[in-house]
1. Quick one: in region 1-35, of everything that is part of a loop (DSSP other than H, G, I, E, B) and touching a residue at least 12 places away in the same chain (Cβ under 8 Å), which residue is least open to solvent (accessible area, probe 1.4 Å)?
2. With among the charged types (D, E, K, R), closer than 20 Å to residue 174 by Cβ and either open to solvent by 20 Å² or more (accessible area, probe 1.4 Å) or out of contact with any Phe, Trp or Tyr (no Cβ under 7 Å at 6 or more places or on another chain) (or both) as the only criterion, which of 88, 55, 113, 63 stands out?
3. If a residue has to be β-branched (Val, Ile, Thr), surrounded by fewer than 18 Cβ atoms within 10 Å (Cβ to Cβ) and assigned to a helix (DSSP H, G or I) to count, how many in region 122-178 make the cut?
Amino acid sequence: IEIAKLRFGAGQTEAGFKAINTWLAAHPNSVRGIAFLAESLAAHGKDDDAVKAYEKILKLEPENPIALNNLANIFLNSDVAKALDFAERAHKQAPNDISITDTLGWSLLKKGETKRAMELLDRAFHAAPNVAEIHFHYAAALAQNDQKPKARKELEKILAIPGEFPLKQDVKALLATL
């Protein structure tokens, strides 16, 4: 696994995948190894293969909250009902994990269940106010719960973060609607 990390870190994507697959050939039931492969696949836009890897983890550990949460995140843009199912299962296993709470809240918000989403995203935001993604989800929940002035204020705080970050365009787009 360490060799694969070094390869990925050096920008050697194919060599990284080769290293982790070689390692997994000798350790086929290593949840840690399969999780690393799944995360690497997802990070490189290979969601279908990442799903297969996470499903393998769930065969070994049916209620693994990290695998469930990561599957929820993968499905958020294609199948919200499926994402919500995975997020609910993950939250049941790890109700105090802020990342999982955020994923469940975001899934609920995307499904239109704004009240429960607001409760969860409020909790996640207040536990991790400096995480831009959680902050954005909280602001979006405020906007959908008729708290637009407060949502605008939170979005402006996010935009004040120096430099570029993955959700900056989403923040700007939501702010433009308020």
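The values are calculated or read from the model by the stated rules, or taken from the named source; none is laboratory data. Just so it is clear, the structure is predicted and the values come from calculations on it, not from any experiment. Positions of Cβ are backbone-derived with ideal geometry, glycine not excepted, and every protein chain shown enters the neighbour counts. Heads up: the accessible areas ignore ligands, DNA and RNA and are worked out on the full protein's heavy atoms, side chains in. Shrake-Rupley method; radii C 1.70, N 1.55, O 1.52, S 1.80 Å.
1. Checking each candidate, the answer is 1.
2. None of the others qualify; the one that does is 113.
3. Here the count works out to 1.
Yes or no, residue by residue, for (1) in contact (Cβ under 8 Å) with a residue 24 or more places away in the chain; (2) among the polar types (S, T, N, Q); (3) on the phi > 0 side of the Ramachandran plot:
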position	(1), (2), (3)
85	no, no, no
89	yes, no, no
119	no, no, no
132	yes, no, no
145	yes, yes, no
154	no, no, no
160	no, no, no
163	no, no, yes
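A quick yes/no check of all residues on (1) of a type outside the set (Val, Ile, Thr); (2) within 23 Å of residue 31 (Cα to Cα):
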residue: 68; (1), (2): yes, yes
residue: 76; (1), (2): yes, no
residue: 82; (1), (2): yes, yes
residue: 93; (1), (2): yes, yes
residue: 100; (1), (2): no, yes
residue: 103; (1), (2): no, yes
residue: 122; (1), (2): yes, no
residue: 146; (1), (2): yes, no
residue: 151; (1), (2): yes, no
